[in-house]
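The values are calculated or read from the model by the stated rules, or taken from the named source; none is laboratory data. Everything numeric in this text was worked out from a predicted model, so none of it was measured. For neighbour counting, all protein chains shown are included, and Cβ atoms are generated from backbone atoms with ideal geometry for every residue, glycine included. What goes into the accessible areas is simple: the full protein's heavy atoms, side chains included, and nothing from ligands, DNA or RNA. Shrake-Rupley method; radii C 1.70, N 1.55, O 1.52, S 1.80 Å.
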Amino acid sequence: MVLLLVGGALGTYARYWLSKWFNAQPWAQGFPYGTFVVNVSGSFILGVAAMVILERLPPEHQDWYLLIGTGFCGGYTTFSTFEWETFKLVRDGSWGLALANILGSVFTGFVALLLAVALAQAVFSKH
């Protein structure tokens, strides 16, 4: 539990400051560079953590994945988990499921966001 809490806190803190820095750059206006960089770097960090900790180290070291993979990357970005799970589908030869996961997650996530915005606007409308 402590590994999850510490990793999550560090990931959240890193995301906040990195996004804040990017959003303050004059050249970064008009595109969500902070979120983009966090998502890509989080995917990279999770990929390294998963391959090294889960697939290369002995089982007694797998708790470190709670700190880095689940904790840090979970606080930093959930996009990294999505990327890792999609990679495993591709690696296992399930290209159709990988494509469904990519298109489904992005499209369905965006539709969910649209529905949430519409609901919030309807319930909490400005009068």
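Every test in (1) outside any loop (DSSP other than H, G, I, E, B); (2) more than 28 Å from L4 (Cα to Cα); (3) open to solvent by 40 Å² or more (accessible area, probe 1.4 Å); (4) not polar (S, T, N, Q) is passed by E83 save one, and that test is (2). Residue-level check: of (1) over 21 Å from G8 (Cβ atoms); (2) open to solvent by 40 Å² or more (accessible area, probe 1.4 Å), L54 misses just (1).
Residue-wise test of (1) under 17 Å from the mean Cα position of the chain (by Cα); (2) of a type in the set (V, I, T); (3) at pLDDT 90 or above.
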| position | (1), (2), (3) |
| --- | --- |
| L3 | no, no, yes |
| G7 | yes, no, yes |
| A24 | no, no, yes |
| I45 | yes, yes, yes |
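Just one residue in the set V90, V117, V111, V106 is of a type in the set (V, I, T), out of contact with any Ser or Thr (no Cβ under 8 Å at 6 or more places or on another chain) and open to solvent by 70 Å² or more (accessible area, probe 1.4 Å); that residue is V106. Please find, within the range 57-71, the residue that is modelled with the lowest pLDDT out of those that are open to solvent by 50 Å² or more (accessible area, probe 1.4 Å) and hydrophobic (A, V, I, L, M, F, W, C). Residue satisfying both the conditions and the ranking: L57.
If you go through the range 1-13 and keep only what is farther than 16 Å from T77 by Cβ and in a helix (DSSP H, G or I), you end up with V2, L3, L5, V6. Residue count for the range 14-63 satisfying the condition of being part of a helix (DSSP H, G or I) and in contact (Cβ under 8 Å) with a residue 60 or more places away in the chain: 2. W27 meets each of the listed conditions (1) in contact with a helix residue (DSSP H, G or I) (Cβ under 9 Å, 6 or more places away or on another chain); (2) closer than 17 Å to L3 by Cβ; (3) open to solvent by 50 Å² or more (accessible area, probe 1.4 Å) apart from (2).
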